[in-house]
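All of the numbers you see were taken from the coordinates with simple rules; none came from a lab. The model shown is predicted, which means the values in this text are computed figures rather than measured ones. Cβ placement follows ideal geometry from the backbone for every residue including glycine, while neighbour counts extend to all protein chains displayed.
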């Protein structure tokens with residue numbers, strides 16, 4: 001604080017509180033809606049305060065088979081997909097970044113540019129042909145099909161490259177004099193020194209993986225492979241007449257809880273990673 | 001780029017890059033090549049026969065008012081999302097930068113939308129603005145506004161813009177606040193001593209100094225609005241009413257998977273790829289130079 005202006009500070013706080021309340025409002029309404037029963041959610045105006053039906057709604061999400069895939073199954077699928085994408089992405093890009101920074105070999109720049117290109121091709125753009133490739137590999141309706149095509153990422157490779165370039169050369173020279181092999185150096189020096197970046201990237205990629213929508217929507221036809229996020233669309237369309245808003249909102253709440261918790265509890269490392277990497 | 005000292009090994013580096021390169025070729029380069037190839041083909045709906053038609057698919061797109069409208073719509077949509085989201089984020093960041101107490105709480109609450117999947121964000125806003133049930137619809141009704149985004153195309157556009165901008169506020173906020181923190185305190189103090197008030201300081205010192213971040217965010221937001229908003233639109237309007245919220249990415253999906261116009265969809269993909277390449281080049285050119293205005 002530069003100078004003491006109680007009135008300005010007071011105004012800042014009030015405006016911030018109103019602003020934050022507006023931003024959080026949709027989330028609040030979702031929580032409220034998931035605690036009421038179906039009947040209450042057909043009566044206008046809708047409630048603004050929580051009800052007492054949370055437990056009943058929760059039970060019906062686990063049990064009601066004809067309403068779609070049970071929630072614990074879709075959450076499990078999402079978890080597997082998100083973990084496979086984040087762990088897979090981090091592993092392949094940390095290896096390739098290590099090769100590109102620490103080795104001199106033929107086609108080094110060629111490989112680098114090849115990876116760079118992937119930055120420019122979001123899955124939405126090449127969706128049809130990618131679908132065909134996955135279908136040809138028989139990977140439809142499988143965890144591999146859900147995760148592998150989303151694993152290659154220039155962003156992560158760039159970030160690791162950036163990090164490795166800041167590791168002092170002396171460390172590598174020292175380890176070489178001590179007779180350590182490149183892989184020994186990689187596991188004993190490079191990986192420990194990139195710990196924070198790996199953690200930050202993990203948060204970003206976990207959210208990215210968990211929140212995938214179009215891709216799982218296309219390649220899964222078996223309800224047992226549905227993910228939590230995409231099951232929402234089925235619920236919105238299912239049945240005749242008004243959608244079951246109390247169950248939809250509870251599903252949405254459960255589907256967004258893991259990434260929200262990850263972001264909040266790993267906030268420090270996430271914010272640093274996000275703003276440092278700048279893509 | 002390369003370390004001053006480095007290893008020489010005959011096979012190890014190839015082994016290390018292999019996983020990424022193989023996946024890149026299989027799921028990026030090859031499909032992109034396929035899209036490029038298909039964009040020159042005219043295929044019948046069952047995929048039984050195809051004919052090489054050179055640029056016919058592109059010419060058809062160019063002559064198709066539907067596609068050109070979708071182009072203009074996407075432009076409007078992305079500019080609206082970027083400016084709405086960025087101005088709110090900037091406003092919040094400027095305030096949060098001033099206060100000391102509670103700034104952590106504000107940040108924690110403001111980053112929540114980042115973690116919400118686009119399709120879920122769409123579902124939330126759809127519920128709030130539901131024409132018969134929605135809470136906001138109810139309040140709007142009290143003001144005499146009749147809300148029905150299922151019939152009114154400008155209301156539909158407004159709603160998808162709102163939902164898309166809401167989700168992106170967190171990202172913009174974090175970058176703005178980081179940029180503001182990196183401004184040297186001495187500059188702010190000096191101008192405060194010279195008698196400049198907080199508002200004056202914001203416009204004459206803070207805003208110019210964070211302009212590189214603003215520019216970076218502008219590009220990122222446009223890329224976001226172009227490609228990452230599929231879920232929002234799919235949940236809220238599914239491109240409707242009519243085609244009024246059908247942006248380019250949505251059209252690729254709609255024409256390819258629903259309409260089964262493979263050649264046309266591939267041609268649209270190629271055009272989108274071209275747009276991403278241009279935006280990425282702009283972004284990288286900027287990141288390399290770190291321009292300061």
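Odds and ends about this structure:
- Helices in chain A, meaning DSSP H runs of at least 4 residues, each add -39500 (n - 2.57). Divided by all residues, the mean residue ellipticity at 222 nm is -21000 deg cm²/dmol.
- Cα-based shape type of the stretch B:3-133, given that a ≥ b ≥ c are square roots of the gyration tensor eigenvalues and the cut on a/c is 1.5: oblate
- Taking every residue in B:31-38 and counting other chain Cβ atoms within 10 Å of its Cβ, the average works out to 5.
- Relative to the current alpha-carbon distance between residue A:178 and residue A:144, full extension at 0.36 nm per residue lengthens the span by 8.2 nm.
- For B:92-100, mean number of other protein chain Cβ atoms within 10 Å: 4
- Per the Kirkwood formula applied to alpha carbons, the stretch A:6-63 shows a radius of gyration over Rh ratio, Rg over Rh, of 1.23.
- For the protein assembly as shown, the spherically averaged projection of the C-alpha convex hull amounts to 29.8 nm².
- Between helix A:267-277 and chain A there is an angle of about 50 degrees, using the helix long axis and the longest principal axis of the Cα atoms.
- Using the average count of surrounding beta-carbon atoms within 10 Å as a protection proxy, the listed peptides A:267-274, A:230-237 rank, highest first, as A:230-237, A:267-274.
- At 0.890 mPa s and 25 °C, Stokes D of chain A from Kirkwood alpha-carbon radius, µm² per second: 111
- Using the rule -39500 (n - 2.57) for each DSSP H run of four or more residues, divided by the residues of chain B, the 222 nm mean residue ellipticity is -21000 deg cm²/dmol.
- Calculated log₁₀ intensity ratio I(q)/I(0) where the Debye formula runs over C-alpha points of the stretch B:116-234, q = 0.21 Å⁻¹: -1.05
- Take every pair of alpha-carbon atoms less than 8 Å apart whose residues are at least six positions apart; their mean separation over the length of chain B yields a relative contact order of 27 percent.
- To the nearest ten degrees, helix A:6-33 and the longest principal axis of the Cα atoms of chain A are 70 degrees apart.
- Principal-axis tilt of helix A:108-118 within chain A, Cα atoms, nearest 10 degrees: 10
- Residue B:8-residue B:281 FRET efficiency (beta carbon distance; Förster radius 30 Å; 0.05 resolution): 0.35
- Relative contact order, whole percent, for the stretch A:71-277 stands at 34, derived from Cα pairs under 8 Å and 6 or more residues apart.
- Quarter of Cα convex hull surface for the stretch B:62-289, i.e. mean projection, nm²: 15.5
- Peptide ranges B:212-220, A:165-173, A:11-19 listed from the most packed, as the mean C-beta count within 10 angstrom indicates: B:212-220, A:11-19, A:165-173
- Averaged over A:81-94, number of beta-carbon atoms from partner chains that fall within 10 Å: 1
- Between the stretch A:125-155 and the stretch B:1-36, the Cα center-to-center distance that results, in Å: 18
- Inter-part distance where the stretch B:134-164 and the stretch B:174-202 are each reduced to a Cα centre, Å: 39
- Segments A:256-266, B:80-90, A:203-213, A:178-188 sorted - mean Cβ within 10 Å per residue, highest first: A:203-213, B:80-90, A:256-266, A:178-188
- Residue B:99 versus residue B:139: modelled label distance in nm, points set 7 Å from Cα along the beta carbon direction: 1.9
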